[in-house]
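Enquirer: Just passing along the structure, written as structure tokens.
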Amino acid sequence: MELGEYQERSAKTDLRADPADIAFPLLGLAGEVGSLVAEYKKHLRANTPREQFVQEAREDLGDLLWYLAALSRTLDLSLDDAARENLQKISAVWGNDLPLATEYDGEFPIAQRLPRSFIIQFRTYEHAGLHHVAMYLGDAAVGDPLNDNAYVDDDYRFHDAFHLACAAVLGWSPILRHLLGCKRKQNDDVDRIEDGARARAIEEALAAYVYSVGRGFNYFHGAKRVDWELLKTVRRMTEHLEVKNEPPVAWQRAILQAYEVWNALAENGGGTVEGNLDQRTLKFIS
């Protein structure tokens, strides 16, 4: 049976006095979840046969589906559509396959494109009692040396790993375009909006925001996933930029690769990083 068919047929047993009453199906859903949890508690406490719990669960799941269908009808929503959209969402968030990266600069002159591959060195030194790091592309310095700009040593000076990951995995980084001098000046609007100061500020804000979340997750050491709320916030912050259509799984990969490299740089006091836009990867290589 299809979900849509169930939704339609179950309407015949929906005897609410007020068909627009949302509270009834909502309370019903909560009650049935509670009933399912209670049955599992009994199963654990009395060590009843698993088959007995499965049978009880089958009945409770059926009741849950009835209330879910009732709530969907009340809100004029289709269960078929909700199921389809949910599969698309979870595939975009938790799937392992990534499409080829969008070439946001493919139609621009080579000098205005991000390099399809790059090797960046992070060189560290001390000055005035502070730890500093400088990035180099070959013998050329990339940007200014950074310290943590904090009262405690928290390794934020290596945060350019986040920008490199944005470039390598997403093909997008207004910050790196600015640092490498490859802004897309051929198009005034793209130069002003996509590569301009506001876009760079948003990317820096993303780096700081993800870092603040990462502190609560051991800076993503060994993580395979990132929080869905984090991904939603990142996408909201970039919803008016060209990168808005990148799937959540791409942002997740960019964040995890950024912190894998960031943590390696912090542990080794610097090092060499390789990015590849065609493979959508950023790696610490030495």
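Enquirer: Do the conditions hold for Leu68, that is, is it within 20 Å of Ala82 (Cα to Cα) and touching a Phe, Trp or Tyr at 6+ places or on another chain (Cβ under 8 Å)?
Expert: It is false that Leu68 is within 20 Å of Ala82 (Cα to Cα) and touching a Phe, Trp or Tyr at 6+ places or on another chain (Cβ under 8 Å).
Enquirer: Please find, within segment 202-243, the residue that is least open to solvent (accessible area, probe 1.4 Å) out of those that are of a type in the set (S, T, N, Q) and part of a helix (DSSP H, G or I).
Expert: Thr233
Enquirer: Go over the candidates Leu36, Leu71, Leu77, Leu29 one by one and state the one that is open to solvent by 60 Å² or more (accessible area, probe 1.4 Å) and either closer than 30 Å to Cys166 by Cβ or aliphatic (A, V, I, L, M) (or both).
Expert: Leu77
Enquirer: Is at least one residue of segment 87-97 of a type in the set (Asp, Glu), closer than 30 Å to Val226 by Cβ and surrounded by 12 or more Cβ atoms within 10 Å (Cβ to Cβ)? Show your work before the answer.
Expert: Step one: filter segment 87-97 for residues of a type in the set (Asp, Glu), giving 97.
From the residues that got through so far, the ones that are closer than 30 Å to Val226 by Cβ too are 97.
Next cut, surrounded by 12 or more Cβ atoms within 10 Å (Cβ to Cβ) only: none.
Within segment 87-97 (the criterion being of a type in the set (Asp, Glu), closer than 30 Å to Val226 by Cβ and surrounded by 12 or more Cβ atoms within 10 Å (Cβ to Cβ)), the answer is no, since none of the residues qualifies.
Enquirer: Please go through segment 1-21 and pick out each residue that is closer than 17 Å to Ser78 by Cβ, open to solvent by less than 70 Å² (accessible area, probe 1.4 Å) and not in a helix (DSSP H, G or I).
Expert: Asp14 - this is the single residue of segment 1-21 that is closer than 17 Å to Ser78 by Cβ, open to solvent by less than 70 Å² (accessible area, probe 1.4 Å) and not in a helix (DSSP H, G or I).
Enquirer: Can I ask one more? Can you name the number of the only condition in (1) free of Cβ contacts under 8 Å to residues at least 60 places away in the same chain; (2) outside any loop (DSSP other than H, G, I, E, B); (3) within 28 Å of Val190 (Cα to Cα) that Gly106 fails?
Expert: (2)
Enquirer: Here's another thing I want to ask about it. Please state which one of Ala165, Ala111, Ala128, Ala161 is at pLDDT 95 or above and open to solvent by 10 Å² or more (accessible area, probe 1.4 Å).
Expert: Ala111
Enquirer: Only residues that are assigned to a helix (DSSP H, G or I) and either open to solvent by 50 Å² or more (accessible area, probe 1.4 Å) or charged (D, E, K, R) (or both): list them for segment 47-64, please. Before the answer, list the steps.
Expert: Keep residues of segment 47-64 that are assigned to a helix (DSSP H, G or I), which gives 50-64.
Across segment 47-64, the qualifying residues are Arg50, Glu51, Gln52, Val54, Gln55, Glu56, Arg58, Glu59, Asp60, Leu61, Asp63.
Enquirer: Can you pull out the residues in segment 100-152 that are over 19 Å from His163 (Cβ atoms), over 27 Å from the mean Cα position of the chain (by Cα) and aliphatic (A, V, I, L, M)?
Expert: Ile110, Ala111, Ala128, Leu130, Val152
Enquirer: Can you report the number of residues in segment 154-175 which are touching a strand residue (DSSP E or B) at 6+ places or on another chain (Cβ under 8 Å) and more than 19 Å from His132 (Cα to Cα)?
Expert: 4
The values are calculated or read from the model by the stated rules, or taken from the named source; none is laboratory data. Everything numeric in this text was worked out from a predicted model, so none of it was measured. Every residue, glycine as well, gets a Cβ built from its backbone with ideal geometry; the counts of neighbours run over all protein chains shown. SASA here: full protein model, heavy atoms, side chains in, ligands and nucleic acids out. Shrake-Rupley method; radii C 1.70, N 1.55, O 1.52, S 1.80 Å.
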